[in-house]
Structures are given as C-alpha cells and as structure tokens.
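Report on the following structure.
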C-alpha cells in the first residue's frame, strides 16, 4: 500500500571515514540525525569516487527507500 507521506532525504558526509550515506526521515521540523531516521543506508560512496558514481549510488538508495517505506514523495534536503 502506497502512502502520501512526504519523506525527507539527506546525504550525510562522514569525514572520519571519508564516505557518504543517505538518511531518510518523515520529520522535517527537527534536525535529521541517525537517531530519528526512518531509514539510514550504509556507506554508499567514498569521497574519492566520481560524481557520477555518487549520484548513481544515491539514486539507488532512494529507489530502495521508496520500496521499503512505501512512498513516492521524496524531498532531498
């Protein structure tokens, strides 16, 4: 069953490991962190990867979130 809830996505940088991850949350008013995330991916890309690879990895993470969280309304922050 699909819902009309708005899902907010944010690409987070981990400077210690030099990687990117995507965090998804339904709460837009508070700060999006791993604690209040509805879904958090693992490390999707490294800082040294090309921009095309990072965009492709983020797009794959969004596709997985659409299926798992049953919504098509995703807003990137």
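Laboratory data are not the source of any read-out in this text; all were calculated from the coordinates shown. Just so you know, these numbers come straight off a predicted model, no measurement behind them. Don't worry about glycine lacking a Cβ; one is built from the backbone with ideal geometry, like all the others, and counts go over all protein chains shown.
Values as computed for the structure displayed
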| quantity | calculated |
| --- | --- |
| Rounded tilt (10° steps) of 51-69 against the dominant C-alpha axis of the chain | 30 degrees |
| The chain: relative contact order as a whole-number percent, Cα under 8 Å and 6+ apart | 39 percent |
| Fraction of antiparallel bridges per DSSP, the chain only, in percent to nearest 5 | 70 percent |
| Förster radius 22 Å - calculated FRET efficiency between residue 34 and residue 77, Cβ distance, rounded to 0.05 | 0.90 |
| For q = 0.14, 0.18 Å⁻¹, Debye-computed log10 I/I(0) when each Cα of the chain counts as one equal scatterer | -0.43, -0.70 |
